[in-house]
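Structure record follows, encoded as structure tokens.
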Amino acid sequence: MTIKITADSTCDLGKEQAARFGVAIMPLTVVLGDEVFHDGVDITPQDIFDYVSKTGILPKTGAPSIDDYVEFFKEQLKTADAVIHINISRLASSSHDNAAVAAKKFKGKVFAVDSMALSTGQGLLCVKACDLAAEDRKPAEIVRILEELRHRINTSFVPDRLDYLHKGGRCSLAAMLGAKVLKLHPMIDMKDGRLYAKKKYMGGLERCLTNYLKDLKESYPAYDRARCFITHSNCERETVEKVRAQVESMFDFDEIIETVAGCVVTGHCGKNTLGVLFIYD
């Protein structure tokens, strides 16, 4: 039985990773003024930075429609017996609800899974689904395992600045200004499908990222060693390499995969945001 794994573009698997694991990507839309783009197709994170710098306005994002999902699933089923589609958290987008409605039209051949995550927290479920499909697991079994695992995914990140989160209504002006003056960097975590500020670090970004990694190590002493993702929104190369070196010394992952956040995630978090994401026991 051939099972195709698919996901929303918010999973932040780049073209290289999507091709490697065989994941088909459904792009969300990004609206800059009067122009509509498709995440990961015809717009880059730099376009987001340039637009916000010029206008002071965050881009708008949109979920694929039910009809969009129907056409997408129909195309995947041309070469597969079943499709398992992994959505961004339904509390962050209407994508899952639309995909679930579309899936019902295929009479048990398409399964829509709410990842209760975003970015490579969602991506981790996609890759795990690919692992399970390669083991010839049945679709219903894969879905059951994914729905259990989604409660054990560390989806967290540290933004360099809070201006994007402020513009998006996710932090107050006072909090943004206070963070700037005091050099505070929050650890944004995801619980039950929602983002929240779990902790605050003080100092420069690299120092805060080091403390963030120490907290991850302490919080999750047991974890799935298969892989982790270092996902960032166009961080400086030196910063990413330092984080990678620290992850290698502090953890024991078989593979560390670096990805750059797509335009939907970047549009909400801003430049120089970085997270280390993995499945924990």
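The values are calculated or read from the model by the stated rules, or taken from the named source; none is laboratory data. Bear in mind the structure is a predicted one, so any value in this text is a computation, not a measurement. All Cβ positions, glycine included, derive from the backbone under ideal geometry; neighbour counts span all protein chains shown. Ligands, DNA and RNA are excluded from the accessible area calculation, which covers all protein heavy atoms including side chains. Shrake-Rupley method; radii C 1.70, N 1.55, O 1.52, S 1.80 Å.
Rolling a 1.4 Å probe over the heavy atoms of the protein chains gives the chain an accessible area of 46 Å² per residue.
Relative to one another, the C-alpha centroids of segment 83-111 and segment 185-203 are positioned 27 Å apart. Based on C-alpha pairs under 8 angstrom that are at least 6 apart in sequence, the chain has a relative contact order of 22 percent.
In the chain, the longest principal axis of the Cα atoms and the axis of helix 119-134 are about 30 degrees apart. Quick one: dipole size for segment 46-145, taken about the Cα centre, charges +1 on Lys/Arg Cβ and -1 on Asp/Glu Cβ, in debye to the nearest 20. Its charge dipole is roughly 300 debye. Karplus-derived 3J(HN,Hα) values for segment 45-59, using 6.51 cos²θ - 1.76 cosθ + 1.60 with θ = phi - 60°, are x, 4, 4, 5, 4, 5, 5, 5, 4, 6, 9, x, 10, 6, x Hz; glycine and proline are entered as x.
Here segment 35-144 exposes an accessible surface that is 50 percent carbon and sulfur, computed with a 1.4 Å probe and the other protein chains kept in place. Close amide H partners of GLY262, meaning residues 5 or more places away or on another chain with modelled amide H under 5 Å apart, are ASP12.
Of LYS4/LYS60; LYS4/LYS242; LYS54/LYS214; LYS105/LYS138; LYS60/LYS271, which ones are farther than 27 Å apart at the Cα? Pairs exceeding 27 Å: LYS4/LYS60; LYS4/LYS242; LYS54/LYS214. Amide H to amide H distances under 5 Å link ASP224 with ILE279, TYR280, ASP281, where only residues 5 or more positions off or on other chains count and H is placed in the peptide plane.
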